[in-house]
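Below is a structure I'd like to ask you about.
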Amino acid sequence: MVVDRRLRILSELNKASGRATGTLCEVGAKVTKMSGAGIMLMSGDVPRGSVCTTNEVSALIEELQYALGEGPCVDAYNADRPVLEPDLAHPSEPRWPAFTEPVLEAGALAVFGFPLRVGAVRLGALNFNCDRSGPLTEDQHADALVMADVAAQAVLAMQAGAPPGELAAELEAGADFRYVVHQASGMVAAQLGVTVGVALIRLRAYAFANDRPLNQVAEDVVARRLRFDGHEDRDGRT
């Protein structure tokens, strides 16, 4: 029953020590018997960044999703439903061309994304990864759904006490929100007269085409060494 699953998850959260957000990821991986977990917050069509991860593989998965704009969390958030890939090496429907190879190399063979929402409010997604391929069992799937609901309500409760326009301290502690990328997206949006979401896509495309980390490209934009509206910067680049 859902109530029993929720009580079991809440009991695990009460027993856990450490940061509130980190505990959500750790307990999520534990109750679903997954190799790792991560939580990504999103706003509109723009990823805000990772709230927590459980290990290096989970951190890489969140990093790639943010930098590339593709992966189970992104799809789960956009589609507002679970996105399940039980065999990342041999998917029935290839969908993440840039994301898949580095995740496989890191040792994750299956990934599963579950949207975080409270009522009509969508917050992001909870991602699980496993070092072996195979679908979730019925119990794992049910636990993941309840864990996503608990995590969403916890995130909303943490944010409720924050000043308008600011992130709650509990969410920001230990998180990776890439403020320089958000700042650069706003600047590119102004340069091109497009939305911030479209500007972020342009930043990602530039980074990918030039084989550069997204953060570095964003830093160049913020430092006004790089523009996207055809004007040259001081180094002669466009």
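Taking the dipole about the Cα centre of region 1-144, with the C-beta of Lys and Arg at +1 and of Asp and Glu at -1, give me whichever of 55, 72, 13 is farthest to the positive side.
13
For region 2-172, calculate the relative contact order in percent as a whole number, restricting contacts to Cα pairs under 8 Å that are 6 or more residues apart.
On the way: 305 pairs, mean separation 39.8, N = 171.
Contact order relative to length: 23 percent.
Here's something else I'd like to know. With unit charges on the beta carbon (Lys/Arg positive, Asp/Glu negative), name the residue among 209, 221, 191 whose Cα is farthest towards the positive pole of the charge dipole of region 176-226.
Final value for the positive-end residue is 191.
Taking a ≥ b ≥ c as the square roots of the eigenvalues of the Cα gyration tensor of region 179-222, is the shape rounded (a/c under 1.5), prolate (a/b larger than b/c) or oblate? Before the final figure, lay out the partial values.
Details: a/c = 2.12, a/b = 1.40, b/c = 1.52.
It is oblate, given that a/c is not under 1.5 and a/b is not larger than b/c.
Could you tell me which of rounded, prolate or oblate describes region 20-101, using a ≥ b ≥ c as the square roots of the eigenvalues of the alpha-carbon gyration tensor, with rounded for a/c under 1.5 and, failing that, prolate when a/b is larger than b/c and oblate otherwise? Write out the running numbers ahead of the final one.
Details: a/c = 1.61, a/b = 1.20, b/c = 1.34.
Judged from the Cα gyration tensor, region 20-101 comes out oblate (a/c at least 1.5, b/c at or above a/b).
What dipole magnitude, in Debye to the nearest 20, does region 2-172 give about its Cα centre under +1 on Lys/Arg Cβ and -1 on Asp/Glu Cβ?
Values: 13 positive and 23 negative charges, 111 e Å.
Its charge dipole is roughly 540 debye.
Eigenvalues of the Cα gyration tensor times 5, then square-rooted: what semi-axes does that give for region 61-125, in whole angstrom, largest first?
That gives 21, 12, 9 Å for the three semi-axes.
OK, next. Give the long-range amide H neighbours of residue 116: residues separated by 5 or more places, or on another chain, with amide H under 5 Å away, using H modelled in the peptide plane at 1.01 Å from N.
123, 124, 125, 126
Any chance you could check the Cα centroid distance between region 69-125 and region 52-66 for me, in angstrom?
12 Å
FYI, it's all coordinate maths here, none of it is from the lab. None of the values given here were measured: they were computed from a predicted structure. Here the Cβ is made from the backbone with ideal geometry for all residues, glycine too, and neighbour counts use every protein chain on show.
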